[in-house]
Structure formats: structure tokens, C-alpha cells
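Accompanying notes for the structure given below.
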Amino acid sequence: MDVKNPYVRLRELCGVSQKMFANRHAFGKMTMVYLESGMYTRVSDRQSIALGKECAEKGVDAREVLREEYDAASLNEAYLAWRSEDRRLRAPSVLAKATPPFVGSEDVSPVAQFVKDTTGSLQGFCKLLKVPSITMTRYIRGETVTVPDALVSALEDVKYPHTAALIDAQANWIS
């Protein structure tokens, strides 16, 4: 059985839909999508407090759920462990489709081509590897030369063997 994102698990234990939760706590739809798909690098204080209020109102013992189901002492600890476990489970077979040499074209960076070859879309890639899409967008377009820490961390987490070659190809494309 797949382990659920602890944020989703606790929200569902409260009996609240994603849309209802977002409306009740003034979160945008994309905030909820990113949070619940694991694309944030951590749960913010505001997101944590909102979920804590919901759990308190509904009589859900969040600490007990996190301890029992996730063996975690905090929501962020559980969230980070879930992100890692989920990407390690799903990403290696998808990423295995792409091997060096990594090439692009004048308009398409090597990382953009890598994303297309593996998941077909940036959104799919970001959900699979649990990396922020805005960070990836800037990097793919060559708007930043700095390799996103979240990307490196995710690729290392899933033990992708060609990370250095991919990063080098992107650096050569940008320069």
C-alpha cells in the first residue's frame, strides 16, 4: 500500500476536501496542489497551523497519527520522509529512460529535453521528483545558471547515476 502524504492524510481524517480546506484557510488552489503533491521543500508554518486548527476542531490527534503511521515527531519530519520515499519508489524507473549524452537545441535546453523524455511535462516531472516548478522553469529556460538545490537533492535521493552529466550539459547550453 502506498503511504499517503501526511498532510493529505490528516486533512482527510478531518473529513475536509482539498477545496473546502483551501477556502477555509485562504490557500490558493495551486498552494494545495503543490503542498499535497510534495513539490514544496517543507510545510510552512502557516500551512502547519491551519492543519493543526482543523485537527483540533475535528478531534484528530495529529501527533498520534504522525507517530503511529509515519514514525515521526513532527509534520515536517513526516512530510520530508514521505517525499523521499515516494520519489524513490516512483522516479528511478521513469528516469532510467534518459541517459547521456544529454542534448538540447537552440530553443530547448538539455534539462527541458530530459524532462520531456522522462515524464513528458514539467508538471509531471515536478510531481514525480517533488521539486518546485517555478525553480525548475527558470533553470530549464536558462534564466538562472544556478542548479536548483531541490533538483540536485531529488536526483541524489533517487540515486540517478547521470546527474553530473545532465548538469554539465545544461551548463554548456547556457554558456
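The values are calculated or read from the model by the stated rules, or taken from the named source; none is laboratory data. Bear in mind that the values here come from a model prediction, so they are computed numbers and not experimental data. Note that each Cβ is placed from the backbone with ideal geometry, even for glycine, and that neighbours are counted across all protein chains shown. SASA here: full protein model, heavy atoms, side chains in, ligands and nucleic acids out. Shrake-Rupley method; radii C 1.70, N 1.55, O 1.52, S 1.80 Å.
Gain in length, Gln18 to Asp107, computed as 0.36 nm per residue apart minus the alpha-carbon separation, to one decimal in nm? Could the numbers behind the result be given before it?
Values: separation 89, 0.36 × 89 = 32.04 nm, distance 3.75 nm.
Fully extending the segment from Gln18 to Asp107 adds 28.3 nm.
Separation of segment 100-172 and segment 1-61, taken as the distance between their Cα centroids, equals 28 angstrom.
Which of rounded, prolate or oblate describes segment 1-70 when judged by the alpha-carbon gyration tensor and an a/c cut-off of 1.5? Taking the square roots of the gyration eigenvalues as a ≥ b ≥ c, segment 1-70 is oblate.
Could you work out the relative contact order of segment 42-108? I mean the mean sequence separation of Cα pairs under 8 Å and 6+ apart, divided by the number of residues, in percent.
Working: 21 pairs, mean separation 16.7, N = 67.
Result for segment 42-108 is 25 percent.
For segment 50-116, the solvent-accessible area with a 1.4 angstrom probe is 57 square angstrom per residue.
Using θ = phi - 60° in the Karplus curve 6.51 cos²θ - 1.76 cosθ + 1.60, the 3J(HN,Hα) couplings for segment 112-124 round to 4, 5, 4, 4, 4, 5, 8, 10, x, 8, 4, 4, x Hz; x is entered for Gly and Pro.
Expressed as a rounded percentage, what relative contact order does the chain have, with Cα pairs under 8 Å and six or more residues apart? Reported as a whole number, the value is 23 percent. Listed by chain and number, the lysines placed with their C-alpha closer than 20 angstrom to that of Lys29 are Lys4, Lys19, Lys53, Lys127, Lys130; residues fewer than eight positions away on the same chain are left out.
Per residue of the chain, the DSSP helices (runs of n ≥ 4 H) give a summed -39500 (n - 2.57) that works out to -19500 deg cm²/dmol at 222 nm. Figure legend: label point modelled 7 angstrom from the Cα of Thr31 along Cα→Cβ; residues of segment 44-64 with amide N under 19 Å from it are 44-57.
In segment 14-96, taking the dipole from charged Cβ atoms about the Cα centre, the farthest positive-side position among Ala81, Gly15, Met39 is held by Met39.
Shown for the chain: the carbon plus sulfur share of the solvent-accessible area, taken with all protein chains present and a 1.4 angstrom probe, equals 52%.
Under 20 Å from a point 7 Å along the Cα-to-Cβ line of Glu68: which residues of segment 82-120 have their amide N that close? Of the residues in segment 82-120, 82 have backbone N under 20 Å from the label point off Glu68.
Can you give the Rg to Rh ratio of segment 46-175, both from alpha-carbon atoms, with Rh computed by the Kirkwood formula? List each step's numbers first, then the result.
Working: Rg = 17.8 Å, Rh = 16.3 Å.
Rg/Rh for segment 46-175 comes to 1.09.
Extension gain, Arg141 to Asn172, is 9.8 nm, computed as 0.36 nm per intervening residue step minus the present C-alpha separation. Its Cα centre serving as origin, the chain has a Cβ charge dipole (Lys and Arg +1, Asp and Glu -1) of approximately 420 debye.
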